[in-house]
Amino acid sequence: MRLTGKKVCLLFLFILIFPLYAESDDTESDEEPLSDEEILIDNETSLAEAAFSNDDSFFFEAPPLIYEVPVYEIRSFNTIFPNLSPMQRIMAMSNNGLRNYFVKDGSPVFMPNPDLGIDLLGSVMRKNPSHLIEAIAIVPDYGRDLDLLDIYNALGRIEKIKDQSVLLNGSDFYVFTESTRIESARNRRAVSDPLPASMLPFSETMYLRLKEINLGNLFLRGDISISMYGITYSMTNFTDVRFLLIPLVRAERFITTLYLEPVMEGILIYSVTGFYLPGFIADRVNLTPNINRRITIFINWISEGLRIHETVLVR
């Protein structure tokens, strides 16, 4: 007998459905009737499955999320220090920059705009210093737009600090004879500077050893933090500063904090230095000129790092 397509289809359905029906029939004969509690649970489960099977119940319209991304605009020197006189602005852009010295009962002169959140003085005053030095300098941008990464890489050239000098009695005077990173506060093994970075970290801590021509080894902790507009770099002594075995400045009582930001006029370097001298030492030793020379060294070191990095990129 020849089967047509319709007959083949009916035969196939019969073969498929009959065993399932038979198996279901056998299974039902062996099962016990459901209790009321089981029926209730089964009904609740069926309702839940029905609710979940309705895809529309999972979708609803929500208002779009809008994030306001702050717009970065390079600021001017006048915006950051609005209260400086015209003469002070000119001096800030000279080779020597601006300086101000005062003791703990005195008042600072170079106060940044309070709305900008640049508070170096607050962090320095937490060390309870007896003497303070403010400094401002503007470093030229050397014909290109220097950014925070350029500044960060300039700060990383610790080995080059020793190459900086100040003019003393008409001659170049090298304050530091050695400068290097060390492994940590406990392990003072010298380590090399890393290669220039291609990305900025959020923060960083490094340890330094600077061999000073008069005071010997100075061990400093360098803490870097990065904000939207600038970089803050603090150097604090984690051991005593001694002269002929006499402790001049105790550990954690010297701090230099620098704030660096690309501005319209170049690179702003603003620093506040504080150190504590006991009265009997302060009456006999005037460390302010010595500390001032070291601030000059740090500013020159950063300036050279920016200039050399720019020259390498141009080549």
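Listed by position, the strands (runs of 3 or more DSSP E) contained in the range 126-213 that have at least 1 residues being exposed (fewer than 12 other Cβ atoms within 10 Å of the Cβ) and in contact with a strand residue (DSSP E or B) (Cβ under 6 Å, 6 or more places away or on another chain) are 176-182, 203-212. The one condition from (1) farther than 23 Å from residue 166 by Cβ; (2) part of a strand (DSSP E or B); (3) not aliphatic (A, V, I, L, M) that residue 219 does not meet is (1). Among the conditions (1) without any contact (Cβ under 8 Å) to a residue 24 or more places away in the chain; (2) outside the structural domain of residue 272 (by TED's automatic domain parsing), residue 91 misses just one, which is (2).
Pairing residues of the range 151-175 that are free of Cβ contacts under 8 Å to residues at least 12 places away in the same chain with residues that are in a strand (DSSP E or B) and surrounded by 14 or more Cβ atoms within 10 Å (Cβ to Cβ), at Cβ distances under 8 Å and at least 6 apart in sequence or on separate chains, gives 172/166.
Residues in the range 90-120 that are touching an Asp or Glu at 6+ places or on another chain (Cβ under 6 Å) and part of a strand (DSSP E or B): 1 in all. Residue 206 meets all of the listed conditions (1) closer than 16 Å to residue 261 by Cβ; (2) within 15 Å of the chain's Cα centre (by Cα); (3) touching a residue at least 40 places away in the same chain (Cβ under 8 Å) but one, namely (1).
For (1) assigned to a loop (DSSP other than H, G, I, E, B); (2) out of contact with any Ser or Thr (no Cβ under 7 Å at 6 or more places or on another chain); (3) not hydrophobic (A, V, I, L, M, F, W, C), each residue gets a yes or a no:
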site: 269; (1), (2), (3): no, yes, no
site: 272; (1), (2), (3): no, no, no
site: 277; (1), (2), (3): yes, no, no
site: 280; (1), (2), (3): no, yes, no
site: 286; (1), (2), (3): yes, yes, yes
site: 290; (1), (2), (3): no, yes, yes
site: 296; (1), (2), (3): no, yes, yes
site: 302; (1), (2), (3): no, yes, no
site: 307; (1), (2), (3): no, yes, yes
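The values are calculated or read from the model by the stated rules, or taken from the named source; none is laboratory data. These numbers come from a predicted model, not from an experiment. When we count neighbours, we look across all protein chains shown, and the Cβ atoms used for this are built from the backbone with ideal geometry, even at glycine.
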